[in-house]
Amino acid sequence: MGRKRCVGADCSKMAAGCCGVKKQKLSGSPGSGGPGGVGAGNGVVGTGHCGSDLGIGSSSTVVAGNMNRVNGLGGPGGSSSSTNALSPAPGGYNSTGISPNLSPGCGSGSGGRKMVVSAEMCCFCFDVLYCHLYGYQPPRTPRFTNDPYPLFVTWKIGRDKRLRGCIGTFSAMNLHSGLREYTLTSALKDSRFPPMTRDELPRLFCSVSLLTNFEDVGDYLDWEVGVHGIRIEFFNEKGSKRTATYLPEVAKEQGWDHIQTIDSLLRKGGYKAPITNDFRKTIKLTRYRSEKMTMSYAEYIAHRQHHHYQNGIGHPLPPYNHYS
């Protein structure tokens with residue numbers, strides 16, 4: 001059984017990320033120590049992103065830095081994690097007028113509990129990015145909860161929803177400032193992609209993931225595909241500590257089982273030696289859950305028009321163009 005992690009200042013902060021990558025097969029057999037499908041990351045502690053070009057699961061090299069962030073779908077993870085327990089569901093806007101296509105993502109909510117993540121959070125991320133790209137003053141303080149959560153902001157683009165940027169943090173941040181920061185970090189500073197441009201806005205999809213229920217587990221197989229995100233800590237062949245993480249949707253979308261996911265994460269974290277079952281048993285694994293909401297630019301525009309009287313946006317309503 002999992003053991004709940006500490007919460008608050010006693011836990012060392014970290015950030016991590018992994019959002020997605022081009023759908024790929026794992027090239028070695030799960031037990032042979034050579035899964036492909038995800039390029040090796042450099043395992044740098046404290047930074048990361050989500051994946052490579054498309055959807056979920058690949059790796060990427062991340063430049064070392066002091067920023068407490070990580071890519072949640074394909075990049076290396078951070079150092080020891082900390083998060084808070086679930087906060088009460090927020091007040092604020094309802095989602096009236098949102099397209100039926102706007103829905104929680106994989107791993108969202110549990111046990112009938114009211115979700116904290118909301119359409120307004122995605123809308124706010126679009127506002128932040130729009131204001132930045134067009135040189136407007138940043139949007140005003142939103143009305144949704146400002147409780148602290150570890151979080152990721154993911155951008156995808158086009159009809160095939162190729163990954164365009166994904167960076168987040170495992171340190172619990174107040175949502176108003178955290179979403180502002182990681183909206184722009186994921187859109188402009190994901191090292192795998194050039195900074196986002198105005199022309200791309202109409203084709204974008206924004207996802208907000210709030211991470212919850214962190215548990216250390218004694219068995220590296222003690223987690224459920226499609227339900228838990230996982231973060232691993234291990235020592236590479238040179239004796240250096242490395243970490244890597246995948247958000248809950250990664251393994252399911254890639255069609256991976258437990259062993260393939262673990263081996264992919266090891267490669268993502270920069271482990272180059274053959275992977276044996278004995279080595280897998282040395283991994284320290286933390287499992288967690290997430291609440292995820294996704295919104296397209298078209299849904300953002302519809303939401304802005306419906307709620308324009310109440311959301312206090314200080315800039316003109318952006319033009320809408322169909323994405324291609």
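Has region 234-248 got any residue that is out of contact with any Gly (no Cβ under 8 Å at 6 or more places or on another chain), of a type in the set (Asp, Glu) and over 19 Å from PHE214 (Cα atoms)? Looking for residues that are out of contact with any Gly (no Cβ under 8 Å at 6 or more places or on another chain), of a type in the set (Asp, Glu) and over 19 Å from PHE214 (Cα atoms), one finds at least one in region 234-248, hence yes. Within region 144-180, being farther than 17 Å from TYR288 by Cβ, within 14 Å of the chain's Cα centre (by Cα) and either open to solvent by 10 Å² or more (accessible area, probe 1.4 Å) or without any contact (Cβ under 8 Å) to a residue 40 or more places away in the chain (or both) holds for LYS156, ARG164. When the residues of region 190-205 are filtered to those that are among the charged types (D, E, K, R) and closer than 19 Å to LEU247 by Cβ, the one that is nearest to the chain's Cα centre (by Cα) is ASP190. The set of residues in region 272-288 that are of a type in the set (Phe, Trp, Tyr) and within 12 Å of ASP216 (Cβ to Cβ) contains only TYR288. Within region 246-263, identify whether any single residue is charged (D, E, K, R), surrounded by fewer than 24 Cβ atoms within 10 Å (Cβ to Cβ) and touching a strand residue (DSSP E or B) at 6+ places or on another chain (Cβ under 9 Å), and answer yes or no. No, every residue in region 246-263 fails to be charged (D, E, K, R), surrounded by fewer than 24 Cβ atoms within 10 Å (Cβ to Cβ) and touching a strand residue (DSSP E or B) at 6+ places or on another chain (Cβ under 9 Å). Scanning region 202-215 for residues that are more than 30 Å from TYR297 (Cβ to Cβ) and open to solvent by 20 Å² or more (accessible area, probe 1.4 Å) yields ASN213, GLU215.
Report whether or not GLU237 is part of a loop (DSSP other than H, G, I, E, B) and open to solvent by 20 Å² or more (accessible area, probe 1.4 Å). Explain how you work it out, then say what you get.
On the way: part of a loop (DSSP other than H, G, I, E, B): yes; open to solvent by 20 Å² or more (accessible area, probe 1.4 Å): yes.
So GLU237 fits the description; yes.
Selection of region 278-294 for residues being open to solvent by less than 20 Å² (accessible area, probe 1.4 Å) and either in a helix (DSSP H, G or I) or over 27 Å from MET115 (Cα atoms) (or both) yields ARG280, ILE283. Assess whether HIS306 counts as being surrounded by fewer than 16 Cβ atoms within 10 Å (Cβ to Cβ), modelled with pLDDT under 95 and either under 24 Å from the mean Cα position of the chain (by Cα) or not in a loop (DSSP other than H, G, I, E, B) (or both). For HIS306, the condition - surrounded by fewer than 16 Cβ atoms within 10 Å (Cβ to Cβ), modelled with pLDDT under 95 and either under 24 Å from the mean Cα position of the chain (by Cα) or not in a loop (DSSP other than H, G, I, E, B) (or both) - is met.
Yes/no matrix, rows are residues, columns are (1) among the β-branched types (Val, Ile, Thr); (2) modelled with pLDDT of 95 or more; (3) within 27 Å of ALA251 (Cβ to Cβ):
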site	(1), (2), (3)
TYR134	no, no, no
THR141	yes, no, no
VAL153	yes, yes, yes
ARG159	no, no, yes
LEU184	no, yes, no
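Please go through region 181-192 and give me each residue that is farther than 18 Å from THR294 by Cβ, touching a residue at least 60 places away in the same chain (Cβ under 8 Å) and part of a loop (DSSP other than H, G, I, E, B), ordered by number.
Looking only at region 181-192, we keep the residues that are farther than 18 Å from THR294 by Cβ, and these are 181, 184-185, 188-189, 191-192.
Of the ones still in play, those that are also touching a residue at least 60 places away in the same chain (Cβ under 8 Å) are 185, 191-192.
Answer for region 181-192, where residues must be farther than 18 Å from THR294 by Cβ, touching a residue at least 60 places away in the same chain (Cβ under 8 Å) and part of a loop (DSSP other than H, G, I, E, B): SER191, ARG192.
The set of residues in region 186-198 that are of a type outside the set (A, V, I, L, M, F, W, C) and open to solvent by 10 Å² or more (accessible area, probe 1.4 Å) comprises LYS189, SER191, ARG192, PRO194, PRO195, THR197, ARG198. Of ILE275, ILE230, which residue is open to solvent by less than 40 Å² (accessible area, probe 1.4 Å) and more than 27 Å from THR154 (Cα to Cα)? Selected residue: ILE275, the only one of ILE275, ILE230 that is open to solvent by less than 40 Å² (accessible area, probe 1.4 Å) and more than 27 Å from THR154 (Cα to Cα).
The values are calculated or read from the model by the stated rules, or taken from the named source; none is laboratory data. Treat the numbers as computed from the prediction; the structure is a model and nothing was measured. A quick note on method: Cβ atoms are made from the backbone with ideal geometry, for glycine too, and the neighbour counts reach across all protein chains shown. We work out accessible area using only protein heavy atoms, side chains counted, and drop any ligands, DNA or RNA first. Shrake-Rupley method; radii C 1.70, N 1.55, O 1.52, S 1.80 Å.
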